[in-house]
Amino acid sequence: MARALTKERSEGRRRKGDRKVRVLVGKPGLDGHDRGAKIIARALRDAGFEVIYTGLHQTPEMIVNAAVQEDVDAIGLSILSGAHNYLFPKVVELLKGKKMGNVVVFGGGIIPDGDIPGLRKKGVDRIFTPGTSLSEIVEYVNKRIRARA
């Protein structure tokens with residue numbers, strides 16, 4: 001795994017004159033377990049992305065306000081509590097209300113396969129479920145997210 005992240009590390013870094021891709025990692029709701037979110041945040045940081053971690057117990061409004069303040073390119077949400085069908089689309093909705101609908105929202109956690117199509121229809125770009133490798137997530141961010149000017 002370390003080798004895969006090392007290979008991707010150079011891809012995530014900015015080119016001369018460009019700014020790094022900024023990813024906010026958020027834990028919406030009352031979920032009190034953040035180990036996975038911290039692992040993802042570190043993997044993205046180690047791959048050369050600028051990462052902002054919001055911490056536990058964030059409301060969608062808090063996450064979106066942080067995204068606006070930090071001028072992020074993407075938001076990665078992590079949830080284990082089962083409230084993903086409300087919280088993830090709420091973040092997308094609030095981003096649109098702030099005229100930041102171009103910010104890519106992706107997520108992961110304990111999310112049933114049957115819920116993924118509904119989340120996609122509501123604007124969540126990608127869902128990662130348990131067992132997804134760190135290199136797959138880093139590769140997704142490398143390929144899908146671009147730094148805004």
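The numbers here are math on the coordinates, done by the rules we state, and not lab data. Quantities reported herein were computed from a predicted structural model and do not represent experimental measurements. Neighbour counts run over all protein chains shown; Cβ positions are idealised from the backbone, glycine included.
In debye to the nearest 20, how big a dipole does the chain give about its Cα centre with +1 on each Lys and Arg Cβ and -1 on each Asp and Glu Cβ? If you can, show how the numbers build up before the last one.
Values: 27 positive and 17 negative charges, 129 e Å.
In debye, rounded to 20, the chain gives about 620.
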With a Förster radius of 25 Å, plug the Cβ-Cβ distance of ARG120 and LYS98 into 1/(1 + (r/R0)^6) and report the FRET value to the nearest 0.05.
0.70
Extreme residue, positive dipole direction of the chain, given options GLY26, GLY107, ALA43 (C-beta unit charges):
ALA43
Hey, what's the Cα Rg ratio for the range 18-64 versus the globular rule of thumb, 2.2 N^0.38 Å?
1.18
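How much of the DSSP beta bridge set in the chain is antiparallel, as a percent to the nearest 5?
Numbers: 0 of 18 bridges.
Looking only at bridges with both residues in the chain, the antiparallel portion is about 0 percent.
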Of the listed values (i) 49; (ii) 31; (iii) 38, identify the label whose number matches percent of Cα pairs over 21 Å apart calculated from this model.
(iii)
What is the distance, in nm, between label points placed 7 Å from the Cα along the Cα-to-Cβ direction at GLU136 and at LEU56?
2.7 nm
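Round to the nearest 0.05 the FRET efficiency obtained for ASP113 and ALA149 when R0 = 35 Å and r is the Cβ-Cβ distance.
Details: r = 37 Å, r/R0 = 1.05.
The pair ASP113/ALA149 has a calculated efficiency of 0.40.
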Lysine pairs in the chain with alpha-carbon atoms under 15 Å apart, 8 or more places apart or on different chains: how many are there?
10
Using only alpha-carbon positions, what ratio does the radius of gyration of the range 39-81 give when scaled by 2.2 N^0.38 Å?
1.17
